[in-house]
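Notes follow the structure.
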Amino acid sequence: MATSSNPRKSDPNRPPQAVKFSRRTSSGRVVSLSRDDDLDVPGDNQNDYINYTVMMPPTPDNQPGVDASGDKPDGPGPYGSSRFRTESQRRVSSRGGEDDDGGARGDNTSGLDRRVSVLKSNNNKSMLLRSQTQDFDHNRWLFETKGKYGIGNAFWQQDDDSYDHDTGMSMSDFMDKPWKPLTRKSKVPPEIISPYRLLIVIRLVVLIFFLTWRISNPNPDAMWLWGVSIVCELWFAFSWLLDILPKFNPINRTADLAALKEKFETPSPTNPHGRSDLPGVDVFISTADPDKEPPLVTANTILSILAVEYPVEKISIYISDDGGAIFNFEAMAEAVIFGQLWVPFCRKHNIEPRNPDSYFSQKTDPTKNKKRPDFVKDRRWIKREYDEFKVRINGLPDVIRKRCEMHNSKEEKKEKALAKENNGGSVPEDFKFQKATWMADGTHWPGTWYEPMADHKKGDHAGILQIMSKVPVNDPIMGGPNEKQLDFTGIDIRLPMFAYVSREKRPGYDHNKKAGAMNALVRASAILSNGPFILNLDCDHYVYNSMAIQEGMCYMMDRGGDRICYLQFPQRFEGIDPSDRYANHNTVFFDGNMRALDGLQGPVYVGTGCMFRRYALYGFHPPRANEYTGFLGKNKKQANVALPSELDDDSQPLTGHPDLDLPKQFGNSTMFVESIAVAEFQGRPLADHITVKNGRPPGALLIPRPPLDAPTVAEAIAVISCWYCL
């Protein structure tokens, strides 16, 4: 029993009194069992401690009314009924408890006086200390209180006398894989934000006085000019308020990658082999014109995504070439070939960043923190391969032009010969040969030609979908000692799936530029991979941190993550002068405004570097949405939404629900419509704890993806056609 005692009224320089261990005898007298009278604590830290007494529980050598021989007057066993008091006698209960002699006790105050190790502190800083190191002694605290560490609320052991606390939880709920938060949210320290808030208030007061003075002192000689200036000043003041008021409450967020790995990639009864139970991610890259957006830059972006630290079988990459240029197509093919070397090299030596051009352009020492003796040799070799890769990319226009000239020359001779035969041995005067653009396999390029013509020009070409890197197998494929002239022993050499997509364009159809390209990628990816989450990037925005996707998944997979629509990653730019005189780092926007908006409700979407929940892009409400009513929106109630998972029975099929109207909204592709419910289910948080609502069972995503077949690819081509019903 811990009972508070009055603080000692003595010299303030005197160290505080030590913790006193005592027991209550049968007569009610308290006998001290402490060996230390005082703790040697500096005077400056006296406020951190307080005087209290800890009652020792009855043990075989500490029994009231028992002689040294240990004989007990009655009770089963050699030491009576129990070595310690029962759990129910040591719990703190608002309903009271039982006295030591079994009598009922209704006074809560007296009950608190007779429970084991209830520590009370006037300043909330009382501790049990080791007399030697002055550290908190967890073992002693557990011994004295028989305390149990739980997650969230206190764990109550289920026994016959448990004060009617029936929580439905047991210790087994915490032993296997306890729920841990995947993210942390912390506010800006007061010593940093308080002066800034004070500055905002001062500026606001000054602005009010200034506007009051300006309005109350008109200029009678130029009233129209004064009125225009007043309107402009009021508008700029209002704009400043909209920008500055959210900055009153900025927050910082951090992701726990270790907890994510423990939750989704650690062997458990539901995942005996420790396979990844993370959901899939589809990465979209958009490009349109190889003249304005060099394919070498796009290829470096692709390589940085191919090498991200995420389960290889769970990630898929799509590039949308809205111009349908063969230059982009063959550059991406070259990038996949070089990626077979670059990706294992990054995994072997933990390279950051994983954009080859940025990595080899760094001014720092490349050997920093590198311990493998073959790193320098591997880096020298891969640098030479990258230089050759750049030369191949830069030489593609000449290669394609020479190839086209060769094929066109042969085709022209054939058509001339045929025309002579049909014209009596002479070439017709109106003979004209249309030069085509040829692929490496000797067939016509279905996209835009160098010499445009009908069906082969910008805004008028067929849809193209090419799987350049197939769906990887579920098990890792380890490299050998001489894998493409590098030692990749023990390194996974698989590449994620990569697809080149160019949607069909025809005159008379509204293609909506980048938004339309994104819609086409959403439909095609739903057929091919159907990742529950989508990360969209521009062709010149690469992944700087290889763990970025895992960090984003911490927020999406955390408790309550099913309500998150998207995550906005900040942008950082290279090649900027050290002083950043033109503010190209966007520090104020990403580190100030966006954090402030996150504290208000959420950041804005800036057009790239954003991870979306696929289910949200389809236009559905969150699975656990709330409706806010009233004049100020203070009345909150649960929204009435229909989940696809609740509509998969025969009586109410997903495609026939009157509220969703899916056929009209998502077109006439049955395969596409059926993928919606799957994406919603796979994007749920893991239901590994009783507090996780709307979760999916652990181990639901361990089944490997089937390989792509011809009907599936044909359906993906159909949904990117311009005639697809929307």
Practice task
Identify, from the list Met547, Met557, Met553, the residue that is touching a residue at least 40 places away in the same chain (Cβ under 8 Å), surrounded by fewer than 18 Cβ atoms within 10 Å (Cβ to Cβ) and either basic (Lys, Arg) or touching a Leu at 6+ places or on another chain (Cβ under 8 Å) (or both).
Solution key: Met547
Exercise for the section: Could you tell me whether any residue of the range 385-399 is in the same structural domain as Phe345 (by TED's automatic domain parsing) and under 18 Å from Asp487 (Cα atoms)? Expected result: yes
Practice task
Tell me, please, whether a residue that is in a helix (DSSP H, G or I), not acidic (Asp, Glu) and not assigned by TED's automatic domain parsing to the domain that holds Leu245 can be found in the range 560-567.
Solution key: yes
Practice task
List every residue pair whose Cβ atoms lie under 9 Å apart, where the two residues are 6 or more positions apart in sequence or sit on different chains, the first residue falls within the range 178-200 and is under 13 Å from Gly592 (Cβ atoms), and the second residue, located anywhere, is surrounded by 12 or more Cβ atoms within 10 Å (Cβ to Cβ) and of a type in the set (A, V, I, L, M).
Solution key: Val188/Ile251; Tyr196/Val188; Ile200/Ile244; Ile200/Leu245
Practice task
From (1) in a strand (DSSP E or B); (2) within 28 Å of Leu486 (Cα to Cα); (3) of a type in the set (Phe, Trp, Tyr), pick out the condition that doesn't hold for Trp342.
Solution key: (1)
Problem - the range 281-291, subset modelled with pLDDT under 95 and not hydrophobic (A, V, I, L, M, F, W, C), residue farthest from Glu313 (Cα to Cα) - result: Asp291
Exercise for the section: Give the residue, chosen from Lys371, Lys383, Lys348, Lys377, that is under 42 Å from the mean Cα position of the chain (by Cα), closer than 28 Å to Ile576 by Cβ and not aliphatic (A, V, I, L, M). Expected result: Lys383
Handout entry: Cross-chain or 6+ apart pairs with Cβ under 9 Å, the range 529-541 first and at positive phi and assigned by TED's automatic domain parsing to the domain that holds Ala499, then among the polar types (S, T, N, Q) and outside any strand (DSSP E or B)
Key = Asn530/Ser675; Asn530/Gln682
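Scan the range 433-445 and tell me whether some residue there is assigned to a strand (DSSP E or B) and modelled with pLDDT of 90 or more.
Step one: list which residues in the range 433-445 are assigned to a strand (DSSP E or B), which gives 438, 444.
Add one more test, that the residue is modelled with pLDDT of 90 or more, and what stays is 438, 444.
Checked against the condition, which is being assigned to a strand (DSSP E or B) and modelled with pLDDT of 90 or more, the range 433-445 yields at least one hit.
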Fill in the blank from the handout: Residue pairs qualifying under the 7 Å Cβ cut-off, at least six apart or on distinct chains, with the first in the range 463-475 being assigned by TED's automatic domain parsing to the domain that holds Ile326 and without any contact (Cβ under 8 Å) to a residue 12 or more places away in the chain and the second being in a strand (DSSP E or B) and buried (at least 17 other Cβ atoms within 10 Å of the Cβ), are none
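Please find, within the range 603-634, the residue that is nearest to Asn593 (Cα to Cα) out of those that are charged (D, E, K, R) and modelled with pLDDT of 90 or more.
First, pick out the residues of the range 603-634 that are charged (D, E, K, R): 613-614, 624, 627, 634.
Still in the list and also modelled with pLDDT of 90 or more: 613-614.
Details: Arg613: 23, Arg614: 26 Å.
Restricting to residues being charged (D, E, K, R) and modelled with pLDDT of 90 or more, the top hit is Arg613.
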Practice task
Output yes when any residue across the range 517-530 is out of contact with any Asp or Glu (no Cβ under 7 Å at 6 or more places or on another chain) and in a loop (DSSP other than H, G, I, E, B), and no when none is.
Solution key: yes
Exercise for the section: With the condition kept exactly as written, say whether any residue in the range 689-699 is under 20 Å from Ser525 (Cα atoms) and either buried (at least 18 other Cβ atoms within 10 Å of the Cβ) or not hydrophobic (A, V, I, L, M, F, W, C) (or both). Expected result: no
Problem - Restricting the range 662-676 to residues that are in contact with an Asp or Glu (Cβ under 9 Å, 6 or more places away or on another chain) and modelled with pLDDT of 90 or more, the residue that is surrounded by the fewest Cβ atoms within 10 Å (Cβ to Cβ) - result: Met671
Exercise for the section: Report, by residue number, each residue of the range 167-199 that is modelled with pLDDT under 90, β-branched (Val, Ile, Thr) and in contact with a Ser or Thr (Cβ under 8 Å, 6 or more places away or on another chain). Expected result: none
Practice task
Determine if the range 276-292 includes at least one residue that is within 27 Å of Tyr544 (Cβ to Cβ), out of contact with any Pro (no Cβ under 6 Å at 6 or more places or on another chain) and in a helix (DSSP H, G or I).
Solution key: no
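Of all the residues that make up the range 316-328, how many are assigned to a helix (DSSP H, G or I) and crowded, with 24+ Cβ neighbours inside 10 Å? Quick ask: steps written out before the conclusion?
So in the range 316-328, the residues assigned to a helix (DSSP H, G or I) come out as 326-328.
If we keep only those that are crowded, with 24+ Cβ neighbours inside 10 Å too, we end up with 326, 328.
Counting residues in the range 316-328 that are assigned to a helix (DSSP H, G or I) and crowded, with 24+ Cβ neighbours inside 10 Å gives 2.
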Fill in the blank from the handout: Result of the Cβ filter at 6 Å on the range 342-357, keeping first residues that are within 14 Å of Asp492 (Cβ to Cβ) and partners that are among the basic types (Lys, Arg), at least 6 apart or interchain, is Cys346/Arg354
Exercise for the section: Pairs only if they're at least six apart or on different chains, beta carbon under 8 angstrom, first in the range 436-456 and farther than 13 Å from Arg401 by Cβ and without any contact (Cβ under 8 Å) to a residue 60 or more places away in the chain, second polar (S, T, N, Q) and in a loop (DSSP other than H, G, I, E, B); list them, first residue then second. Expected result: His444/Thr437; Met453/Gln434; His456/Thr437; His456/Thr448
Exercise for the section: Kindly indicate whether any position in the range 269-283 is closer than 20 Å to Ser529 by Cα and either in contact with a His (Cβ under 7 Å, 6 or more places away or on another chain) or surrounded by fewer than 21 Cβ atoms within 10 Å (Cβ to Cβ) (or both). Expected result: yes
Exercise for the section: Test Asp387 against the stated conditions and say whether it is over 22 Å from Pro294 (Cβ atoms) and either loosely packed, with under 12 Cβ neighbours inside 10 Å or not basic (Lys, Arg) (or both). Expected result: no
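Pull up the range 273-320, narrow it to residues that are over 30 Å from Arg696 (Cα atoms) and among the acidic types (Asp, Glu), then point me to the one that is farthest from the chain's Cα centre (by Cα).
Taking the range 273-320 as the starting set, the residues that turn out to be over 30 Å from Arg696 (Cα atoms) are 286-304, 319-320.
Now narrow it down to the ones that are among the acidic types (Asp, Glu): 289, 291, 293.
Values: Asp289: 32, Asp291: 35, Glu293: 29 Å.
Only one residue fits best here, namely Asp291.
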Exercise for the section: Would you mind telling me which numbered condition in (1) out of contact with any Leu (no Cβ under 8 Å at 6 or more places or on another chain); (2) modelled with pLDDT of 90 or more Leu701 fails? Expected result: (1)
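The values are calculated or read from the model by the stated rules, or taken from the named source; none is laboratory data. Source: prediction; values computed, not measured. Every residue, glycine among them, receives a Cβ derived from its backbone with ideal geometry; neighbour counts consider all protein chains shown.
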